[in-house]
Structures are given as structure tokens and as C-alpha cells.
Amino acid sequence: MSYDRSPSYPYRHAPQNTSLPYEATYPWMPPTPPPEPARRRRPPQAPLGHHSDLRILRSAYRWQRRTATLTALGYFTLFLILSAFAPSFMTTTVTDGLPTGLLLGLLQIPVTWLAIGLYEHTARRYVDPIAERIRKQAELDAKREAAR
């Protein structure tokens, strides 16, 4: 098996009369990048994702997350703090044989459901209408772009 250093064309040496540019005759050279396409003009109206609309949506979603998270984690943190620093309070009985700590622990489930309900309520009331308005505006912008 012979080691052939010739390029990938069928000639042993490059032909004398070639229309290829000088760089194209060497395979180790990177290809010349294609010319950049002509830039389009900006549309006269604000494009999809107008910054103020997205900023409003982000802040509504952020408020929604904080409210639900602080509800669930706040109660759980309160339970942990009471368990660590007020053991005498947690061992007192509420009714016959039911300690306060167990009652507060069992209340964690309804508080979690409350946080989920709060999350869904704020989503339906605040976040979803903003997202729907942005979605409709995006559809209108897409139709305008397709008509051009």
C-alpha cells in the first residue's frame, strides 16, 4: 500500500489551467464562507415578545411562585422551628392524647393543598390572561409577517 499525498482529484498534479481559486486547490484550507444574506428592514410595529409584555408576564409569574412557595415552606419552617426551639409547646396535648406537634404536622397536608390552590388561583386570575394576550399578539404578528 503506497502512501499517496495527492489531493482528492484524479490528477497526480494539479492541472495547469483551472478555474478554481488558489485556495480551493488545497484540501486542508478551510472553505471560503458564503456571503452574508441581505439584511431585512425592521417591521414598523413592535415584534413578538415586546419587552414590556414579557416583563409583566415574568413579574406576575414570579409573584405567583413566591406566594405559593412561601405559603408551603413558611408553614413547614414554622413547624421545624417550633420543634427545635419549643419542645415543651409541641408536647402539650390539645385533646385526649393528641399532642400539638402531631396536630401541626398533620396540618401540613391541608396547608400544602392550600398552596397548590393558591398557585392555581393566581395562575387563572393573573398569569394566564397575560399569557393569552401575548399569545394572541404573537398570532397577529405572525399573520402580518406572512402577508408581507
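No lab work stands behind these numbers, since they all come straight from the coordinates. Just so it is clear, the model here is predicted, and its values are computed rather than measured. Reconstructed Cβ throughout: ideal geometry from the backbone, glycine too, with neighbour counts over all protein chains shown.
From the gyration tensor of the Cα coordinates in segment 50-148, what semi-axes in whole Å does the equivalent ellipsoid have, largest first, with each one equal to sqrt(5λ)?
Three semi-axes, in Å: 47, 12, 6.
With the dipole of segment 48-148 worked out from charges on the C-beta (+1 for Lys and Arg, -1 for Asp and Glu) around the Cα centre, which of GLN64, PHE79, VAL127 lies farthest toward the positive end?
VAL127
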